[in-house]
Each structure stands twice: as C-alpha cells, then as structure tokens.
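Working notes, beginning with the structure itself.
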Amino acid sequence: MMRGVAMPDLIISVRRPPGAAEVRRVREAEVLLGRAAHCALRLADDGVSAEHLRLLRRDAGWVMVDAGSTHGTWRGDERLPAGTAVPLRDGEVLRIGPFVVEVFVDAEAGLTTNSRDTESIVRELAAAQGVQIVDAAPAGAAAPPRWTPLEVAALAAAAAGAGAALWALLG
C-alpha cells in the first residue's frame, strides 16, 4: 500500500500463438506464473518452468522476478536476469516459452462501465476470437462483474483484430 492509496491491480492477457487468449484481473500482492498446478496463472508447456515468473506488488509499484527458469523470461530481445526484481511497465509484453504475456497496470480500478451491453459486446467479440474471459467475481456472487476501461482495452488487445471492431461499436 502506498501512503494510504491502494496499489493498482494488474490485468494479464496470456496467449499461446496462434491460439486463444485468457484475460484475468489480478488483485493479489504476488502472482506466480508457471507450469506447476499451484501457480496462479498456469502455463502448461514443457518450455515453461514449474515456477517461472513472479509478479510482486511493492511500495514503488509492480516488479517482475524470473524465478530461475530454464528457458528464461523475455522482454523483447532481453532475457530478464534470474532472481532480480525488474520494474514492470504498463503494457509490458513478455515471452514465456510459447506464451505471449501482456501486463497492464490498472490505475483506473475505480472506474467502471455500467452498461451490460458493453460487457455483452466484449464477450461476443472475445468468443469470436477464441479469448477466454475469466471473471474476477466468484461464481454465485450477488453483483455481476463490471468492466473497467482498461479491462475492455486489454480484452480488445488480446482479441487480435477484434479491437477495431470493439472501438467502432463503442465509439
């Protein structure tokens, strides 16, 4: 927590080219990505270590730490050094084995859309592009999940080609 202000959530899009993507909001202070069943974001592939990458909430912001993976975590052409905390930038694109991981820092977590139509459009476009949406609200929750502008943008980016259609429909 930064001086009484809640740290922003993360929105993570995971895609295994050329397949479907999964988009998830993360509220925890630590997120483990890897092949093991206990990982918060499980990346099932032999090119991914059991515990591959940690995303950690710190006072100064989010950082990422390669957990000593065999094949590395890549940001562009740069392999992240194992065990070293590296600042996580909004819109970061990482490669972990065959997966492309996009990470968005949700600084607008308090802003929501009230339109169920918007959610319906997002879900239809996502489904058409093979994107699996994982709702943050537990099953059976009283209030349905609402989408922040950043979540809509992350879904559009993950939906590979559906983004333009989404903005045309919403604009």
_For the stretch 1-102, what does the relative contact order come out to in percent, with C-alpha contacts under 8 Å and a separation of six or more?_
23
*When the gyration tensor of the stretch 21-107 is built from Cα positions, what are the square roots of 5 times its three eigenvalues, in whole Å, from largest to smallest?*
18, 15, 13
*Would you please give the FRET efficiency between residue 89 and residue 42, computed as 1/(1 + (r/R0)^6) with r the Cβ-Cβ distance and R0 = 22 Å, to the nearest 0.05?*
0.35
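Since every read-out is calculated from the coordinates, none of them should be taken as a lab result. Only a predicted model underlies this, so the values are computations on that prediction, with no experimental measurement involved. No Cβ is skipped: glycine too gets one built from the backbone with ideal geometry, and neighbour counts run over all protein chains shown.
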